[in-house]
Amino acid sequence: MSDKSSIALHGGSPIRKTRLPYSRQSVNDGDIQAVTEVLKSDWLTTGPKINEFEEAFAFFVSEKEAVAVNSGTAALHAAMFALQITDGDEVIVPTMTFAATANAVVFQNGTPVFVDCEPDTLLIDPEKVEDLITKKTKAIISVDYAGQPCNYDALRSIADRHSIPLVSDACHSLGGTYKGQPVGSLADLNVFSFHAVKPITTGEGGMITTNNVHFAQVMRKFRNHCITSDHRERHNAGSWFYEMSNLGYNYRLTDFQCALGISQLSKVPTWTVRRQEIANIYNTAFENIDAITPLAVRKGVSHAYHLYVVKLNTNVLTATRDDIFKALNAENIGVNVHYIPVHLHPFYREHFDTKQGMFPVAETAYEQIISLPIFSGMSDDDVSDVIEAVKKVYNYYRK
Ligand SMILES: *Cc1c(COP(=O)(O)O)cnc(C)c1O
């Protein structure tokens with residue numbers, strides 16, 4: 001199918017004329033109409049759409065409460081605030097995640113205690129979590145990396161044994177399930193992001209789901225400066241008076257974003273199926289390529305496939321991951337790397353004394369992983385282009 005001299009990186013013609021991104025939002029006319037209606041209404045923010053979005057979302061994930069905020073990062077921060085994380089508190093966080101997961105702990109002056117991942121799934125390793133628990137541990141945050149729900153049975157039993165709350169960073173996994181139970185109902189607090197590349201989008205946005213009504217009330221105040229009364233309560237009391245009870249933020253999501261969120265949410269079931277379909281096509285195509293190992297998927301989970309991550313076996317190649325990355329990019333295939341382990345970021349090295357060598361599984365995986373394009377709007381031709389480009393680059397670099 002391709003001779004050795006033909007890769008685009010070295011002057012051949014690329015598989016695609018136009019670039020295929022690694023992820024992309026799907027926004028249709030129905031979404032646009034929903035947003036337009038709100039823009040023409042009386043309420044641009046903190047109007048009726050916020051309750052509507054929260055109720056629809058809570059219902060979708062089978063949880064009592066959902067609290068909308070303006071990013072996944074704000075949602076993580078609100079979760080840490082609800083748990084009253086403060087100076088000297090430790091929170092266990094996987095190092096294989098986006099930096100915001102750990103940053104939210106630092107926002108509250110807590111200390112993220114990093115934990116390594118399982119080599120085949122890159123999910124938080126429950127056995128290693130147990131070893132890190134001290135008297136100062138105030139929460140565990142798990143991350144459904146790539147969209148695969150973690151081992152919640154194991155995490156729940158550790159959390160319960162030590163009476164520590166479990167927070168799920170589910171920014172990747174909306175639409176997934178664990179033993180039949182929806183993501184969003186698996187931990188004490190469950191966090192979502194609606195950034196443009198995430199399973200659904202509001203441009204920027206986030207949500208926290210919980211069965212704890214008190215936590216929900218605290219987080220609704222937190223997103224509004226921790227002001228004690230809302231507009232309606234003041235109206236009912238015939239008063240303009242309000243007080244700020246604590247340090248809060250403006251983390252409010254607008255009504256037109258909520259309208260987009262409601263419209264997007266209804267598509268999650270079909271979009272998840274499409275993502276799974278694409279992943280299955282990739283899995284089959286790569287079965288006989290010794291250089292590529294897709295991440296393992298555990299029994300009993302429905303994987304939401306926010307990302308399709310493979311490990312490269314560079315022993316059978318004359319190239320590094322970085323060479324493969326450049327070569328696929330040159331073919332106009334938008335690849336990415338998720339993630340640089342958080343403990344390796346200069347901020348954490350400087351302020352939390354983390355070092356290379358501390359989390360060998362994540363560090364080794366980081367050198368091998370590459371994320372291939374996956375999103376609900378990808379056509380079968382797009383999927384074929386990715387497979388063709390991977391095979392072309394593989395044939396060029398195989399030993
Ligand atoms: C995207 C993401 C976040 C942050 O969400 P934003 O909406 O971008 O603030 C947090 N954790 C993980 C795992 C993410 O992928």
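The values are calculated or read from the model by the stated rules, or taken from the named source; none is laboratory data. Model, not experiment: these values are computed from the prediction. Heads up, the Cβs are rebuilt from the backbone with ideal geometry, glycines too, and the neighbour counts pull from every protein chain shown. Areas reflect the complete protein model, heavy atoms only, side chains present, ligands, DNA and RNA absent. Shrake-Rupley method; radii C 1.70, N 1.55, O 1.52, S 1.80 Å.
Some observations on this one:
- Residues in the stretch 271-284 that are of a type in the set (Val, Ile, Thr) and either outside the structural domain of ILE374 (by TED's automatic domain parsing) or open to solvent by less than 70 Å² (accessible area, probe 1.4 Å) (or both): THR272, ILE278, ILE281.
- Options HIS351, HIS338; residue that is under 22 Å from ILE92 (Cβ atoms) and either surrounded by fewer than 14 Cβ atoms within 10 Å (Cβ to Cβ) or of a type in the set (A, V, I, L, M) (or both): HIS351
- Taken as a whole, the structure leaves GLY248 outside the set of residues that are touching a helix residue (DSSP H, G or I) at 6+ places or on another chain (Cβ under 9 Å) and within 16 Å of the ligand (Cβ to nearest atom).
- For the stretch 106-165, the set of residues classified as of a type in the set (Gly, Ala, Ser), over 19 Å from LEU344 (Cα atoms) and within 16 Å of the ligand (Cβ to nearest atom) consists of ALA139, ALA146, GLY147, listed by residue number.
- Whenever a residue of the stretch 88-105 is assigned by TED's automatic domain parsing to the domain that holds TYR366, it has no partner that is at pLDDT below 95 and near the ligand (Cβ under 9 Å from one of its atoms) lying with C-beta atoms less than 8 angstrom away and at least six residues away or across chains.
- Restricting the stretch 175-224 to residues that are aromatic (Phe, Trp, Tyr) and within 15 Å of the ligand (Cβ to nearest atom), the residue that is farthest from the chain's Cα centre (by Cα): PHE194
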